[in-house]
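Structure record follows, encoded as structure tokens.
The values are calculated or read from the model by the stated rules, or taken from the named source; none is laboratory data. Since the structure is predicted, the reported quantities are computational estimates derived from the model, not experimental observations. Cβ placement follows ideal geometry from the backbone for every residue including glycine, while neighbour counts extend to all protein chains displayed. With ligands, DNA and RNA removed, areas are computed over all heavy atoms of the protein, side chains included. Shrake-Rupley method; radii C 1.70, N 1.55, O 1.52, S 1.80 Å.
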Amino acid sequence: MYIIFPCILFIMVLCALLMVWRKKCIIKKICCMSVQEKLCRLNELVNPFGFEYLLSQDIFTSCKDAWQRDFGYCWLYDKSADLFNMVFDCEPIYFDYEGCTWMIELWKGQYGINTGAEIGVYYANQILSEDQLPFAKFEAVDDHDMLPLSFCLVKGKNDTLASVAKRTWWLTAFCMGVFSQPCELTQDISIVFPNCEMHQSFLNSLYQTGISKQFVTVCGNKIRIQFKDSPKQTYGFLARLSRRWAQFTNRIFCHIYLFLTHYFSSTIDRLLYLYYLLPFAFRR
């Protein structure tokens with residue numbers, strides 16, 4: 001009986017020393033890696049999730065051939081987002097063009113331990129009535145229908161978190177370890193349309209969402225939008241409760257992530273450290 005306690009204490013001390021030694025070895029390993037080695041390794045790890053890391057901005061963005069493209073879009077994705085700790089403002093804009101109903105949706109908010117934003121371009125295979133829109137399944141546009149998209153994500157008055165531009169069907173930017181409320185974020189968006197017909201159809205539908213004309217700038221076939229909030233987006237009591245709980249846990253996980261990886265300052269180093277130290281936490 002008297003030997004058990006010292007044995008347990010010895011094992012605990014030994015485990016602590018082994019953990020400290022393992023941490024030092026991992027930190028040394030990461031510090032000895034070149035930037036290119038780190039970049040290649042991290043992208044190998046995140047590419048299966050449909051993303052790539054941009055070293056120049058310390059952010060993640062989606063790949064054009066991401067697996068999410070095969071799943072398209074339906075209203076359930078936004079409706080159930082808070083169950084997956086995604087709390088965002090979103091604005092779907094539906095418009096008809098060339099015999100199809102198109103949808104360009106804007107998102108900005110908190111995605112787990114990431115502050116981020118998205119623009120998605122989708123269409124149905126027919127003209128849809130207004131009653132069909134909330135329940136329709138939209139497909140990601142084909143390569144020849146992709147649009148030049150860009151946005152700048154700003155927190156507060158002038159804290160620029162990301163600036164991305166690409167001709168694609170889905171443009172995203174995510175800043176890991178940053179916590180934000182959706183209302184703190186502004187998404188300055190630019191979309192270039194191939195002709196006046198499509199441009200005008202989108203613009204008419206954009207105004208119908210309730211977005212004020214003072215937040216919209218038109219230059220030829222390019223439309224700039226300052227997305228601050230969703231005029232028509234309302235939430236019931238249970239939805240508000242679920243979003244608050246998701247944000248509460250997001251904030252906690254953000255602090256845990258930053259605490260565990262406090263030896264480093266950049267996301268590439270933090271994530272590789274987490275991967276080597278706690279692989280299950282990295283996957284989470």
### Subset of segment 94-126 that is more than 16 Å from ALA140 (Cβ to Cβ) and among the acidic types (Asp, Glu) - its residue that is modelled with the highest pLDDT
ASP96
### Task
Given the conditions (1) open to solvent by 50 Å² or more (accessible area, probe 1.4 Å); (2) assigned to a helix (DSSP H, G or I); (3) farther than 28 Å from CYS152 by Cβ; (4) without any contact (Cβ under 8 Å) to a residue 40 or more places away in the chain, report the number of the one that GLN200 does not fulfil.
(3)
### Task
Return the pairs, sorted by first residue and then second, in which the second residue is in a helix (DSSP H, G or I), the first residue lies in segment 248-264 and is surrounded by 13 or more Cβ atoms within 10 Å (Cβ to Cβ), the beta carbons are less than 7 Å apart, and the residues are 6+ apart or on different chains.
LEU260/LEU274; THR261/ARG270; THR261/TYR273; THR261/LEU274; TYR263/ILE27; TYR263/TYR273; PHE264/ARG270; PHE264/TYR273
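Could you please let me know if TYR53 is surrounded by 19 or more Cβ atoms within 10 Å (Cβ to Cβ), modelled with pLDDT of 95 or more and not aliphatic (A, V, I, L, M)?
Values: surrounded by 19 or more Cβ atoms within 10 Å (Cβ to Cβ): yes; modelled with pLDDT of 95 or more: yes; not aliphatic (A, V, I, L, M): yes.
Criteria met by TYR53.
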### Query
Do we find a residue being in contact (Cβ under 8 Å) with a residue 60 or more places away in the chain and either open to solvent by 10 Å² or more (accessible area, probe 1.4 Å) or polar (S, T, N, Q) (or both) anywhere in segment 206-214?
yes
### Message
For a quick check of your reading of the model, give me the residue pairs whose first member lies in segment 42-56 and is more than 15 Å from PHE282 (Cα to Cα), whose second is assigned to a loop (DSSP other than H, G, I, E, B), with beta-carbon atoms closer than 6 Å and at least 6 apart or on different chains.
### Response
GLY50/CYS63; GLY50/ALA66; GLU52/CYS63
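Being open to solvent by less than 20 Å² (accessible area, probe 1.4 Å), under 15 Å from the mean Cα position of the chain (by Cα) and on the phi > 0 side of the Ramachandran plot narrows it down to one residue among GLY116, GLY109, GLY72; which is it?
Numbers: GLY116 fails: on the phi > 0 side of the Ramachandran plot; GLY72 fails: under 15 Å from the mean Cα position of the chain (by Cα).
After applying the criteria, what remains is GLY109.
Of a type in the set (S, T, N, Q), open to solvent by 60 Å² or more (accessible area, probe 1.4 Å) and either farther than 21 Å from ALA117 by Cβ or not in a loop (DSSP other than H, G, I, E, B) (or both): does that describe THR172?
Values: of a type in the set (S, T, N, Q): yes; open to solvent by 60 Å² or more (accessible area, probe 1.4 Å): no; either farther than 21 Å from ALA117 by Cβ or not in a loop (DSSP other than H, G, I, E, B) (or both): yes.
For THR172, the condition - of a type in the set (S, T, N, Q), open to solvent by 60 Å² or more (accessible area, probe 1.4 Å) and either farther than 21 Å from ALA117 by Cβ or not in a loop (DSSP other than H, G, I, E, B) (or both) - is not met.
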